[in-house]
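FYI, it's all coordinate maths here, none of it is from the lab. All values derive from a computational prediction rather than experimental measurement. Virtual Cβ from ideal backbone geometry, glycine too; neighbours counted across all protein chains shown.
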Amino acid sequence: MTYKVMGITAGRKNSNSEILLKEALMACEEAGAQITMVNLSDYTILDCTGCTACTMAMSQGKNAGCVLDKKDDKKRIMDVMLDQDAVIYSAPTYDLQPCALFTRFCQRSLAYETSFLEAIGAIERRARLAGLIAVGGSTRAWQSMALESMQAAMFTTDMKVVDMILATRVPGNGQCVLNDELIARAHKMGENIMTAIQTPVEDRHWLGDEDMGWCPNCHSNALVLGEPQWDGVSYEVECQVCGCGGTLEKVDGKWKFVIDPVNGRLKDRTTVEGRQLHLDEIGYTQGAMFYANPENMKLAQQKKQKYIDKKYPAV
Ligand SMILES: Cc1cc2nc3c(=O)[nH]c(=O)nc-3n(C[C@H](O)[C@H](O)[C@H](O)COP(=O)(O)O)c2cc1C
């Protein structure tokens, strides 16, 4: 069986993100995978307009696509991307996070919410895998939200992340080629992806560096103090990426994030069930409280007028 692996990068042409991605893809190719690769800078990707036409249609069980489908290259890429066994993404870090091109591409994925498209039979049901490579000039100190933001972009298309690399201290064009260890690690990512592809879906698990990150669920490095959520659920500490909740405990002199064994995984955004709870939240907060309540709609329209009438000089 030939597996399909795609590479998507948002880095400079022939530079670090693209090189590390190609190294990972070469390992997949060596293992017999069919490879496709795009550098997003070769394509036109427009910003999501926030029109919500896609999600409005979804709530009625219909696939409206995206209003920008014919205006740029997003759909062309998605048609191939959603037909893959695995996708490896790489992006440069700008201002601690992935660059805008990567984010713009991913934030256009709402119209391609895979669990919905699969449920209505618009696309083939697949267990998709992902590997993430964030590239930066600094150490983690200046890439503190890079991988975490890339992880956050995986939920909509239900990509199971099995490996991540934070490629640090490679600011110059193509500088990563001087770091043999980093190149070898990128190759290993390709091997890990192929191992995961050939593992039964229910047994697929994290293959990246064992001690990576604070969160034992998604391996992110981002924890926040919990606050009561819309449905009353509250945790002392939450993973900012996957939403698992728990507390910090000191084990053998080291702080550890321990997920609450009872309900700590309730909001796990890496699962369809966890994300469904967020759809319930939207249904309540936006749907029942606002759009479905004529009194609230009328009141908001009245109160908005003051802001619509107020004009300031622009530049
Ligand atoms: C606008 C801009 C902002 C950047 N911000 C960061 C940053 O916050 N942290 C960091 O580690 N590197 C930062 N860098 C460096 C790039 O991440 C680095 O040059 C990287 O190698 C680019 O990847 P590429 O070679 O694949 O294009 C920044 C570069 C630019 C152009």
Report the net charge of residues surrounding PRO98, where surrounding means a beta-carbon distance below 12 angstrom and charges are Lys +1, Arg +1, Asp -1, Glu -1. -1
Between the stretch 106-177 and the stretch 28-51, what's the alpha-carbon centroid distance in Å? 12 Å
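Kirkwood Rh, the stretch 182-274, all Cα pairs: how many Å?
On the way: mean 1/r = 0.0674 Å⁻¹.
Kirkwood hydrodynamic radius for the stretch 182-274: 14.8 Å.
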What does the convex hull of the Cα atoms come to per residue for the stretch 4-203, in Å³? 113 Å³
Within 10 Å of each residue's Cβ, count the other Cβ atoms and sort CYS176, CYS28 from fewest upward. CYS176, CYS28
Nearby lysines by direct alpha-carbon distance to LYS75 (threshold 25 angstrom, same-chain neighbours under 8 apart not counted): LYS4, LYS13, LYS22, LYS62, LYS160
For the stretch 1-51: rounded, prolate or oblate by the Cα gyration tensor [a/c cutoff 1.5]: oblate
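CYS28: net charge of surrounding residues, Cβ under 13 Å, Lys/Arg +1, Asp/Glu -1, itself excluded? Working shown, then result.
Values: positive: LYS4, LYS22, LYS188; negative: GLU23, GLU29, GLU30, ASP85, ASP163, GLU191.
Residues near CYS28 contribute -3 overall.
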To the nearest 0.05, the calculated FRET efficiency linking ASN63 and HIS278 through their beta-carbon distance, R0 being 30 Å, is 0.90
Need the full-extension length gain, LYS304 to VAL177, defined as separation in residues times 0.36 nm minus the C-alpha distance. One decimal, nm. 40.2 nm
Per residue of the chain, what 222 nm ellipticity follows from adding -39500 (n - 2.57) for every DSSP H run with n ≥ 4, rounded to the nearest 500? -9000 deg cm²/dmol
Would the stretch 160-226 count as rounded, prolate or oblate if I go by the C-alpha gyration tensor, calling it rounded below 1.5 in a/c and otherwise prolate when a/b exceeds b/c, oblate otherwise? oblate
May I ask for the angle, rounded to the nearest 10°, between helix 294-309 and the longest principal axis of the chain, with both axes built from Cα atoms and the value confined to 0 to 90°? 80 degrees
What fraction, in whole percent, of alpha-carbon pairs in the stretch 257-315 exceed 19 Å separation? 59 percent
With angles folded into 0 to 90 degrees, how steeply does helix 180-197 sit against the dominant principal axis of the chain? Use alpha carbons for both and round to 10. 70 degrees
For helix 272-282, what angle does its Cα long axis make with the longest principal axis of the chain, in degrees from 0 to 90 and rounded to 10? 30 degrees
Hull surface divided by four, with the convex hull built on the Cα atoms of the stretch 223-302: how many nm²? 6.6 nm²
Hand me the GluC sites (Glu not before Pro) from the stretch 13-48 located in a DSSP loop with no more than 10 other Cβ atoms within 10 Å, in residue order please. none
Answer rounded, prolate or oblate for the stretch 101-182, using the Cα gyration tensor with square roots of eigenvalues a ≥ b ≥ c: rounded when a/c is under 1.5, else prolate when a/b is larger than b/c, else oblate. prolate
Loop trypsin sites (Lys or Arg not before Pro), the stretch 14-73, which have at most 16 other Cβ atoms in a 10 Å radius of their Cβ (DSSP): LYS62, LYS70, LYS71
